[in-house]
Amino acid sequence: MVEWIFLIPLIVAVALLFLPHRWGTVAWFATFAATLVSMILAIIVFFKFDPSVAGIQFEHKFVWIKSLGINFHTGVDGINVGLILMGAIVAFTAACLSWDIKTREKEFSILLLLMSGGILGAFASFDMFFFYVFHELALIPTFIMIGVWGQGEDKDYATFQITIYLTIGALITLAGLILLYIYTGAKSFDVVEIRSWLNNNILVTNHQSLIFSLLMIGFGILVSLWPFYSWAPLGYASAPTPAAMMHAGVIKKFGLLGFLRICIPLLPIGSVEWMHIVAVLCVGNMLYCGWVAMQQKNLNMLLGYSSVAHMGFAFLGIASLTAIGLTGAVIIMIAHGFLAALSFALSGWYFKQTGTLELDKMGGLQKRFPFMGSILLMAMLAGCGLPGFANFVGELLVFFGAWREFAFYVVIGAWSALVIGAIYMLGAARKILHGDVPPEFSRLRDAQTLWRKIPYSLLIAALLFFGLFPGTLTRRIEPSVKIILKSIEKNEYSVKPKPAAPVKLKK
Amino acid sequence: MNAGALIVEISAAILGLTVLIIGVAAPEYLKRGAGLLTLFGLCLILLFCFTLQPYFIEYAFGGAYVMDGLAVFAKKFFVIAAILIVLLLLAEESKSKPVPCEYYALIIFALIGMMLAASASNLILLFVSIELVTVSFYVLTGFNKNSRLSLEAGIKYLVYSGVASAFLVFGIALVYGMSGVTGFKEISETLKGKTELVHSPLLQIGFGMILVGLGFKIAMAPFQLWVPDVYQGAPSPTTAFLATGSKAAGFVLLIRFFLNAGVEVTTQWREQLIALSILTILYGNLCAIPQRNVKRLIGYSSIAHAGYLLMGIATLGIDGVGALLYYLFVYMLAVLAIFGVLGAVYSDNGKGVYDCDIGIFSGFHKRSQFLAVVMTIALASLAGIPPLAGFFGKFLLVKSALAASSISSSYYYLIAAAIGGVAVSIYYYFGIIKLIYWDEPRQDADKLEIGIPVVVLLVFAIVGMLYWGIMPSGLFESAKSAANAIGL
C-alpha cells in the first residue's frame, strides 16, 4: 500500500508525457487527482499504523539486482510515517497552487509529479540505492523548475548554483553510501539487512569515521547545514512557489532522514565521534543564519534564511543522540515541512497580489486581507515556536534532549536562536500586516473563494493538529527511535570508557 | 586453423566487398540500395552474434584469435554501433545528397577491424586489427572533400594516428624482444613470477609505448590533442563511430593486453593509471566548459568519459571491467542519440553543413518537441542522472573504484576527481538543456522534419537509456560475465 503513495504520482507523470501539448488544464487536473489520492492513502497509512509495533509495517520488498544486493524495499516505521504524511499533504497543496502556473502547464505538472513521487519514494525506501535514486529523481525537477518558471533577476545564476552545489552534495552522499556497502560484509544495500549483519559484526572505527564524515558533508549540503547553506536562500527566492514549497518543505528533509535512517543506526561509533561537531555547526545555522535573516529586506530571502536556521534545531536534536532529542528532531522535520511550505505559499500569494516582496514597500495589509493576513500571522507565530503549533513541541523536545548532552554554550546558542527567530518573524509580520496601507495597495482584495483558501487552511490545520495532539506523533516515533539508539548503546563501551565500579575498602 | 570461429568477421567482409563492388560496377538505381543492403546485412550478422556461445572458449590461428565472453559481448556492441551509424547515414541520405557506397564499405571494414580487435589474443593481431580500424578512419574523417575542416580533420588524424601507431609497433617489438613471445597467454605465463624481467626497463618502456598507442585511440590525456579538431571536422557519422566504436575497440584491447597479458606489469602501474584517469577526467571536463561548437563539446566530453572508463581499468579488477563494459554500452546510446539529433538539425541548412554552433539549440523545443526530449535525455544520461542508464554506469564505476580503495588510498583522489568532473559536466550539459527549453528560438528557425531512420535510431536509444536505467540487471549481468572472461 505504501508503494502506491509514490507510484501513483510517478505513473501519472509518465502517462502525462503522451498528453497533447495544448491540454494544460487536463494535466493540472491529473496532477491534482494523483496527489489527492496519494494524500488520502498517506492519511490512511498514518492512522492504520500500529504504534505498538516497532518494526516496519506495510512492508513491500522484491529483489532488484541480486548480485549487487539491491532490493526494492519500501514500508513505514515510526520515523517516516509522519514524514510521508507531511510530504503527501504538501504535495497536494503544491498541486493546488500550481493552478497559477500558466505557461507550459503540462511540463510543470510532470515535473511536480516526479518531484512528489520521487521524494515520497525516498522517504519510504529502506534500501540505500533506492533511497538515493528516488531523492535524485525529486531533485532534478527542482533545477528545471527554477530555470524555466523561476522569478527574479538572478534566476539563471541561482539555477546553476543550486544545481552544481546540490549535485556535489548528492554525489558525496553516494560515495559514502557505496563505501558503507563495501565495508560491511552484508553485500547488500538494504538497510535492514545491514543492520542485522551489524548485530553480529562490527565495522572498524576508522571506516565508520570516514563514512560518517562523507555522509555528514553530503547530507549536510542537502539540508543546508552551516557552512554549506549558501545555495538555499537565493534558490528558494528564485523558485516558483510550488517548487519552493516542495523543496524547502519536503525534499530538504531527505538529508535529515538519512542521518536517522543510515548514519545513527549503521555507524554508531562514527556518530558518537562526529555528532558533537554537528552540534557546533548547527549552532552556526541557528545563530548566523538567523542573524542574516534579521537583516533581510525581502520576504523570500528572509524565509529562505529562516528555513536554513530552523534546520539547526533539527540537527541539534539529532546530534543529542537521545530518544527525546531524536523524537523532537522528527517532529521538527514534520512541522517545518508544513511551515516552510505554508510560508513560501504565502509569499507567492502576496507577491501575486502586491507585485513586491520588499518589506519596506509593504504595510497595513491586514486591513486588506483579513483571511490571508491572519494566516500569515499564524505562520510567523508558528515560526517563532508559539505553543499550540507543532514547531513548539519539536523545539521543546530538542531542548530537553540537548540540555544534558551538550556544553552550556550550545544550549545558550540555541536559546538565543529562538529569540532571534522571534525578532525577525514578528518584525516581518509587523512590516507586512500593520501600519499604513500604501496607496497603491488600497484596491487589493482578499482571497475570495473557498477553493483559494483550502491549501493554506490545510497546512495551518496540520500545524495546529500536531501542535495540539503531539501524542499522535510521539507515540509513533518513539519506539522506532529507541531501536535506532540501541546500536549506540551497544557500542557505547567501545568509545567512552565507563567509570570503574567503586572499590569497596575493607575495614 | 579453425577459420570457422571467424564466421562473423568473414561474413562482414563479404558484405563489405559486395557493397564496394556495387559502388564500382552496379547501375545507379542499385547503388541507392547499398545503404539498405548494409543495414540488412548487419542486422543478420547481429542476429548471428546472439547465437554465439559466450561461455565456450574457442581459439583460432594458433591462439592468435580467441572467442570468449568478452569477445562476444564486444562484437555485439560493435555491430549494434555500426547498425546505428548506418541508420544515421540513411537519414542523411534521405535528406540531401546520396552517400557513396565506399562510405558504407569503409564503415564495414572499420567494423571488421573492431571485431578482430575484440578477439585479439596476440600482439600481431592486436596491431593488425587496430590498423585496419585506423586506416578506414583515415578515409572516413576526410571524406568530405569539399570541406576544408573535414580535410583538416583527415590530415590531423593521419599524422597523429601515424605517430601513435609507430609507438604501438615499437612497444610491441620491445615486449616481444624481452619476452620472446607474442601471444597474450604466453606473455602472461612468461612474466609470471619473474620479478627481474617485469622490472626490466626495456619491458616497462615497451608496455608504456603500447599504452601510448592505445591511449591515443581512446582519447586518454595526454594523447587527446587530436580529438576536438577531428571530431569537429569529420562528417557527423564518422565522428559518431569514432566516439563509440573506435574508443570501445581501444578499451577492449586495453583490457585484453593490460589486464590479461601484462597484468604482472600493470599491477605495478596502479598509481600511474589512476593519475592518467584523473588527468583525463579533469582535462576533458574543464576544457568542455567554454566550447560553443556542439561537436567540439562532445569531443571534449568524450575525453572526460574516456577518463571515467579508465577508472574501470585502473581498479585492476573484474568489477571495474564489468562496470566499464556496461558504461561503454550506455555511453554509446547517449552519444548516438545526440548525433542523431545533430544530423537532423544541422544537415537541413544546405550549405557548409558543419557549423555546429550551439546557438542553434536556443528555443529548440519549439521546433521539435521530440528531438528536444531526446537531446535532454541523452545529455542527462551522459551527466549521470537517475533513473537513466548513465547513472547506473557511473554508479558501478564509482563502486568498483571505492571497493579498490582498500588496496591503495589513491583511489580516493580518483573518486574526488570523478565527482568534481561530474559536477563540472552538469554545468555544460545543462547549459545546452537550458538553451533548449528556456531561451527564445532564432528568427530563421522553422519546424524540423525527421526521417524514419533517425526516429528508429532515437527511439532505440531512448528506450535503451530508460530500460537499462530502470532494469539494469540484464545488461549488468552480461557485462559482468564478459568481464569474467579476463580471469583476473
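The values are calculated or read from the model by the stated rules, or taken from the named source; none is laboratory data. These figures come from a predicted structure and were not determined experimentally. Note that each Cβ is placed from the backbone with ideal geometry, even for glycine, and that neighbours are counted across all protein chains shown.
This table checks each residue for (1) touching a residue at least 60 places away in the same chain (Cβ under 8 Å); (2) facing chain A (nearest Cβ under 9 Å); (3) outside any helix (DSSP H, G or I); (4) surrounded by fewer than 24 Cβ atoms within 10 Å (Cβ to Cβ).
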| position | (1), (2), (3), (4) |
| --- | --- |
| B:Leu397 | yes, no, no, no |
| B:Ser400 | yes, no, no, no |
| B:Ser408 | yes, no, yes, yes |
| B:Tyr413 | yes, no, no, yes |
| B:Ala418 | yes, yes, no, no |
| B:Val424 | yes, yes, no, yes |
| B:Tyr427 | yes, yes, no, yes |
| B:Ile432 | yes, no, no, yes |
| B:Leu435 | yes, no, no, yes |
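In the range B:438-488, of all residues being closer than 29 Å to B:Asp357 by Cβ, within 12 Å of another protein chain (Cβ to nearest Cβ) and part of a helix (DSSP H, G or I), the one that is modelled with the highest pLDDT corresponds to B:Ile462.
For residues in the range A:48-65 being of a type outside the set (Lys, Arg) and more than 20 Å from A:Val481 (Cβ to Cβ), which is modelled with the lowest pLDDT?
Among those residues, the one meeting the criterion is A:Ile65.
Anything in the range B:361-380 that is among the aromatic types (Phe, Trp, Tyr) and surrounded by fewer than 18 Cβ atoms within 10 Å (Cβ to Cβ)? List them, or say none. Let's see the steps before the verdict.
We begin by selecting, within the range B:361-380, every residue among the aromatic types (Phe, Trp, Tyr); these are B:361, B:364, B:370.
Within the range B:361-380, just B:Phe370 meets the criteria.
Only one entry of A:Ser224, A:Ser209 meets the criterion of being surrounded by fewer than 24 Cβ atoms within 10 Å (Cβ to Cβ) and more than 13 Å from chain B (Cβ to nearest Cβ), and that entry is A:Ser209.
Of the residues making up the range A:401-449, those that are of a type in the set (Phe, Trp, Tyr) and surrounded by 14 or more Cβ atoms within 10 Å (Cβ to Cβ) number 4.
Kindly indicate whether any position in the range B:36-53 is surrounded by 17 or more Cβ atoms within 10 Å (Cβ to Cβ) and either among the acidic types (Asp, Glu) or modelled with pLDDT under 90 (or both). Yes, the range B:36-53 has at least one match.
Pick from A:Phe108, A:Phe92: which is aromatic (Phe, Trp, Tyr) and within 14 Å of chain B (Cβ to nearest Cβ)?
Working: A:Phe92 fails: within 14 Å of chain B (Cβ to nearest Cβ).
A:Phe108 is the lone residue from the list that is aromatic (Phe, Trp, Tyr) and within 14 Å of chain B (Cβ to nearest Cβ).
Taking the residues in the range A:370-395 that are of a type in the set (A, V, I, L, M, F, W, C), in contact with a Gly (Cβ under 7 Å, 6 or more places away or on another chain) and assigned to a helix (DSSP H, G or I) as candidates, determine which candidate is surrounded by the most Cβ atoms within 10 Å (Cβ to Cβ). Among those residues, the one meeting the criterion is A:Ala390.
Residue by residue, here is whether (1) free of Cβ contacts under 8 Å to residues at least 24 places away in the same chain; (2) buried (at least 21 other Cβ atoms within 10 Å of the Cβ) holds:
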position: B:Leu168; (1), (2): no, yes
position: B:Gly180; (1), (2): yes, no
position: B:Val198; (1), (2): no, no
position: B:Ile210; (1), (2): no, yes
position: B:Leu214; (1), (2): no, yes
position: B:Pro235; (1), (2): no, yes
position: B:Lys247; (1), (2): no, yes
position: B:Gly250; (1), (2): no, yes
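If you filter the range A:30-81 down to residues that are within 14 Å of chain B (Cβ to nearest Cβ) and in a loop (DSSP other than H, G, I, E, B), you find that the one that is farthest from A:Gly337 (Cα to Cα) is A:Ser67. Say we look at the range B:70-101 and pick out the residues that are of a type outside the set (A, V, I, L, M, F, W, C) and modelled with pLDDT of 90 or more; which of these is surrounded by the most Cβ atoms within 10 Å (Cβ to Cβ)? Among residues in the range B:70-101 that are of a type outside the set (A, V, I, L, M, F, W, C) and modelled with pLDDT of 90 or more, the one surrounded by the most Cβ atoms within 10 Å (Cβ to Cβ) is B:Lys75.
Looking only at the range A:134-145, decide whether some residue is at pLDDT 90 or above, touching a Phe, Trp or Tyr at 6+ places or on another chain (Cβ under 7 Å) and of a type outside the set (Gly, Ala, Ser). Yes, some residue in the range A:134-145 is at pLDDT 90 or above, touching a Phe, Trp or Tyr at 6+ places or on another chain (Cβ under 7 Å) and of a type outside the set (Gly, Ala, Ser). Say whether the condition of being of a type in the set (Ser, Thr, Tyr) and over 26 Å from A:Val308 (Cα atoms) is met by at least one residue in the range A:475-482. There is at least one residue in the range A:475-482 that is of a type in the set (Ser, Thr, Tyr) and over 26 Å from A:Val308 (Cα atoms).
Taking the range B:379-391, which residues are farther than 13 Å from B:His305 by Cβ and away from every other protein chain (no Cβ under 11 Å)? Once the filter is applied, which keeps residues that are farther than 13 Å from B:His305 by Cβ and away from every other protein chain (no Cβ under 11 Å), the range B:379-391 yields only B:Ala389.
Of all residues in the range A:141-165 being more than 10 Å from chain B (Cβ to nearest Cβ) and hydrophobic (A, V, I, L, M, F, W, C), which is nearest to the chain's Cα centre (by Cα)? Checked the range A:141-165; the qualifying residue nearest to the chain's Cα centre (by Cα) is A:Ile162. Per the conditions (1) without any contact (Cβ under 8 Å) to a residue 40 or more places away in the chain; (2) within 8 Å of chain B (Cβ to nearest Cβ); (3) aromatic (Phe, Trp, Tyr), the sole criterion not satisfied by A:Tyr183 is (2).
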